[in-house]
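Down below is the structure, laid out as structure tokens.
Here, each number is a calculation from the coordinates, and none is a lab measurement. None of these values were measured; they are calculated from a predicted model. Note: ideal-geometry Cβ built from the backbone for every residue, glycine included; neighbour counts use all protein chains shown.
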Amino acid sequence: MPIESLDKLTIDKSRQLPQRDARLPQKRKIFIAVIVILLFSVAVLFFRSRSVVIETTGVSLFFPTQSFTVLNSSGYVVAQRKAAVASKITGRLEWIGVEEGSKVTGGQIIARLENKDLEAFVRQAEAALQNSKATLDQIRTELVDAEQNFRRQNDLLKQGIVSRAEYDVAEARYKRAAAATAGAEAGIRSASASLQGAKVNLDYSLIRAPFDAVVLTKNADVGDIITPLGAAANAKASVFTIADLGSLQVEADVSESNLFQVKEGQPCEITLDALPGSRFRAAVHTIVPTADRSKASVMVKVRFLQRDERIFPEMSARVAFLQREALPKDENARIVVNPAAIVTHGGREGVYMVKGDRVVFTPITRGAKLGDLVEVGGVNSGDKLALKPLDKLKDGSKISLPEKK
């Protein structure tokens, strides 16, 4: 190879390779750190947004009487004095003086039928009575005159001044006057009876309340035809339905197998669906001496010991038959929870209260144990609490409820 060619193969030391940038490792470290931070943030957001499926329990009211209840039954509030008020005669309803919810007293006029014809009959009977009285007065005057003449004729006959025939005429006149007087008196009695009958018929057109009560329903309107039997087309038999709210009782069905736990006078406690926060003292009034074979039960009537204006007929009710009479301390409700819902957080006892899709740690104060529950303070009846799994929850945890199947 020529020497010139070999010279070309020598390394030119004057030309140097470009130097590696010293800042490149530092940029790479920053980039990796940013990526790690982003991944960590995404992981935190993922776990925070992930909800915990929990089971819940409720905060409820506990009445001490529940601890000495021997039997529970259900029934309805029924008025023992109830009436469908109607008229004894047929007529068109002219006036109504009450409505649903009105309180009425015994004998009060609550409606009226058209009665102008009956009023006319009363006036006619009054006039007939007055005429009979006037006739009686006239006949009595005639009787007095006939009696005086008869006595004179009797004296004159004894003296021989008048004949026997004249005496007989005076005697006959006197007897006719006496008979006419008796007839006139009978006529007055008849006219009085007719007047009384006319007044009774007139009074039948006035519909009265038979006893102190409250109007439950109004079954007719002004203009309707009212008839005692309701047989005519478009006729109404009953104008009102009324009930004595002082006679309200609960009629409950008790199973035959549990009837031995019930006796007359036994203390009870009544709850109504319409008044869930109230309990009413009661006692067994009577056990109806017949069984319902279709339900294998016996009706027990339970009377309220205290009247409450909020209780109405036909309300559904539940009756708790008690071992003993409730004391004043037994009448106060207590707030209770399932003890399994209580946790300790930060040295304090509390519960995880469900609020929306989160749970909030709520401190409580523990009270006495009541059966399987425990009395607490710091929460209210109706609150919803987390029950399981408490070890996966903390204050503010996002939660969800299991889907209903």
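Remarks
- Other-chain or far-sequence residues with amide H under 5 Å of D224's (modelled H): L93
- In a reduced charge model with +1 at each Lys and Arg Cβ and -1 at each Asp and Glu Cβ, region 342-397 shows a dipole moment near 120 debye about its Cα centre.
- Assigned charges on the beta-carbon of Lys, Arg, Asp, Glu; the chain dipole about Cα centre (debye): 2300
- Helix 116-159 and the longest principal axis of the Cα set of the chain meet at an angle near 20°.
- Only one residue of V144, Q196, A120 has its Cα farthest out toward the positive end of the dipole of region 116-204, where Lys and Arg carry +1 and Asp and Glu -1 on Cβ, and that residue is V144.
- Under 5 Å from the amide H of A86 lie the amide H atoms of V239, each residue being 5 or more positions distant or on a separate chain, with H modelled from the backbone and absent for Pro and chain starts.
- Dipole-positive endmost among V351, G371, A333 within region 331-375 (Cβ charges, Cα centre): V351
- One chain, two ends: D212 and R92. Fully extended at 0.36 nm per residue, the span grows by 40.6 nm beyond their Cα-Cα distance.
- A straight chain from K329 to Q196 at 0.36 nm per residue would run longer than the Cα-Cα distance by 41.7 nm.
- Dipole magnitude for region 213-319: computed about the Cα centre from +1 point charges on Lys and Arg Cβ and -1 point charges on Asp and Glu Cβ, it is near 200 debye.
- Estimated vicinal HN-Hα couplings, Hz - region 345-355 in sequence order (Karplus 6.51, -1.76, 1.60; Gly, Pro = x): 9, x, x, 10, 7, x, 9, 9, 7, 7, 10
- Amide H contacts of V78 (H built 1.01 Å from N, under 5 Å, at least 5 apart or other chain): Q249, V250, E251, E314
- 0 to 90° range, to nearest 10: angle between helix 24-49 axis and the chain longest Cα axis: 20
- Listed by chain and number, the aspartates and glutamates whose alpha-carbon sits under 20 Å from that of K392, ignoring those within fewer than 8 places in the same chain, are E55, E349, D357, E403.
- Point-to-point label distance, R176-E100, nm (Cα→Cβ direction, 7 Å offset): 7.2
- Candidate lysines for bridging to K398, where Cα separation is under 23 Å - those fewer than 8 sequence places away on the same chain excluded: K355, K384, K388
- Given charges at Cβ of Lys, Arg, Asp, Glu: the chain dipole, positive-most of A282, S397, Q266: S397
- The simple Förster model, with R0 at 51 Å and r as the Cβ-Cβ distance, assigns A368 and D221 a FRET efficiency of 0.30.
- Shape class of region 116-204 from the Cα gyration tensor (axes a ≥ b ≥ c, square roots of the eigenvalues): prolate, since a/c reaches 1.5 or more and a/b is larger than b/c.
- Out-of-range pairs (alpha-carbon distance over 28 Å; input K88/K218; K88/K116; K218/K295): K218/K295
- Extending 7 Å from Cα along the Cβ direction at T56 and again at R81 yields two label points whose distance is 4.9 nm.
- The ranking of K218, K263 from fewest to most other beta carbons within 10 Å of each one's beta carbon is K263, K218.
- Cα gyration tensor shape of the chain, rounded if a/c is under 1.5, else prolate or oblate by comparing a/b with b/c: prolate
- Antiparallel bridges, percent of DSSP beta bridges restricted to the chain (to nearest 5): 95
- Summed residue charge, Cβ within 9 Å of I225's Cβ, Lys/Arg positive, Asp/Glu negative: +1
- Residue-by-residue Karplus 3J(HN,Hα) for region 98-113, coefficients 6.51, -1.76, 1.60, Hz, glycine and proline x: 9, 9, 4, x, 5, 8, 10, 10, x, x, 5, 6, 10, 7, 8, 8
- Across region 74-81, computed HN-Hα scalar couplings (Karplus, 6.51 cos²θ - 1.76 cosθ + 1.60, θ = phi - 60°) run 10, x, 9, 6, 9, 7, 6, 10 Hz from first to last residue, x flagging Gly and Pro.
- Straight Cα distances below 12 angstrom link K199 to the aspartates and glutamates D117, E119, E126, with same-chain residues fewer than 8 positions distant left out.
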